[in-house]
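See below for the structure under consideration.
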Amino acid sequence: MFAVSQSKVNQWRRCKLAYHFQHREHLRPKVKSRPLYFGSTVHKMLEASAKGKDPRTALAEIAHRDEKLFREEREYYAKLIEDISFIWRAYKKYWAASPLSFVVIGNHQAEIPFAVKIDDAIEVKGTADGVVSHKNFNWLLEHKTHAEFPNADHRWRNLQGAVYNSISKLLGWPKLQGLCWNYVRSKEPTRPKLLKSGKISIAKDCDTLPEVVLDVLEEHKLNPDDYQEFIAKQEDNLHTWFERVWQPVQEGVVKILWREFLATSREMADYYAKTDQPPPRTVDIHCKWCPYEKLCRAELQGLDVDSVKQLEYVFDDTPYQTGTEQAA
């Protein structure tokens with residue numbers, strides 16, 4: 001049985017060779033990109049929160065796991081963990097008055113796994129972040145992390161929404177009104193600098209969080225009362241860090257995207273039914289952030305591909321999202 005998912009189909013369409021490296025050779029970069037690491041970590045924290053567990057415990061477990069890395073990588077990840085901690089605290093405060101109301105699906109309140117056969121040879125697998133109730137309707141929940149939030153033009157033709165909406169009908173889930181996009185900004189919050197005057201910078205273009213400002217003030221033993229206006233400004237800007245969009249289903253769009261998803265799925269299954277050789281690559285702007293760029297570059301330039309695999313990648317056949325998927 002050939003297993004597909006919306007992320008696999010998206011990756012196949014973007015670059016078949018990148019798909020092959022990830023899902024056939026099971027290669028994973030030793031060092032995760034910031035978007036991937038941030039997204040996967042915040043996702044685990046959101047999952048823990050939905051299940052009534054302490055998200056800080058999930059974050060602490062990830063931090064403990066990564067303490068074993070080389071010094072340079074450990075420092076890189078430690079800074080990311082710190083950023084995520086600040087962003088999470090701001091996220092919980094921002095949505096404190098509007099918590100998500102989860103609907104239990106098959107004993108799952110969050111991270112709902114599914115598997116559906118679409119014919120004798122192909123099975124669609126995946127995990128939905130959850131289903132939530134809002135204004136007496138059910139909405140499919142999708143957590144997304146981005147440096148800048150996508151706009152409405154990106155959302156209305158999103159393949160993931162179309163696939164999951166179609167799957168929900170096949171599985172007999174409660175009727176979905178649409179999707180709830182739960183966005184968390186992944187940008188590194190700016191730490192205000194200490195000036196020669198002994199005060200911290202309160203530049204108008206400082207893009208940060210109240211929690212970060214308070215941490216800097218504590219670090220330099222400064223009185224928060226002297227910076228209330230600056231802190232209030234960051235409070236007012238929290239809407240640029242967190243956003244929820246409730247997008248109704250557009251049945252016409254879903255029907256077409258689902259049909260084309262099935263067509264691509266059969267194309268993938270047919271290819272590997274005939275051969276397990278690497279398919280052709282697609283060279284384009286996405287190569288810049290592709291996690292397999294080093295492998296592709298080595299092959300194109302006639303370098304030792306096997307050495308690059310040993311130095312830069314590990315074998316890992318567990319489910320894994322690429323940085324390109326997080327950035328998409």
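Considering the conditions (1) more than 19 Å from H239 (Cβ to Cβ); (2) aliphatic (A, V, I, L, M); (3) surrounded by 15 or more Cβ atoms within 10 Å (Cβ to Cβ), I87 is excluded by exactly one of them, (1). Being surrounded by fewer than 19 Cβ atoms within 10 Å (Cβ to Cβ) and either among the polar types (S, T, N, Q) or part of a strand (DSSP E or B) (or both) is a condition met by no residue of region 155-176.
Among residues of region 96-109 that are free of Cβ contacts under 8 Å to residues at least 12 places away in the same chain, those with a beta-carbon under 7 Å from a residue that is surrounded by 10 or more Cβ atoms within 10 Å (Cβ to Cβ) at least six positions away or on a different chain give the pairs G106/I112.
Per the listing A147, A121, the residue uniquely of a type in the set (A, V, I, L, M), touching a Pro at 6+ places or on another chain (Cβ under 8 Å), in contact (Cβ under 8 Å) with a residue 60 or more places away in the chain and surrounded by fewer than 17 Cβ atoms within 10 Å (Cβ to Cβ) is A147. Here E123 fulfils each of the conditions (1) under 30 Å from A60 (Cα atoms); (2) part of a strand (DSSP E or B) apart from (1). If the requirement is being closer than 21 Å to I118 by Cβ and of a type outside the set (V, I, T), which of these qualifies: L159, L141, L179? Just a single option satisfies the conditions, and that option is L159.
For region 232-322, which fully contained helices (runs of 4 or more DSSP H) count at least 2 residues that are among the β-branched types (V, I, T)?
On the way: elements: 251-274, 293-300, 305-312.
Qualifying helices (runs of 4 or more DSSP H): 251-274, 305-312.
Being at pLDDT 95 or above, among the charged types (D, E, K, R) and within 20 Å of the chain's Cα centre (by Cα) is a property that K32 lacks.
The values are calculated or read from the model by the stated rules, or taken from the named source; none is laboratory data. The structure displayed is predicted, hence computed values, not measured ones. In this analysis, Cβ positions are derived from the backbone assuming ideal geometry, glycine residues included, and neighbour counts consider all displayed protein chains.
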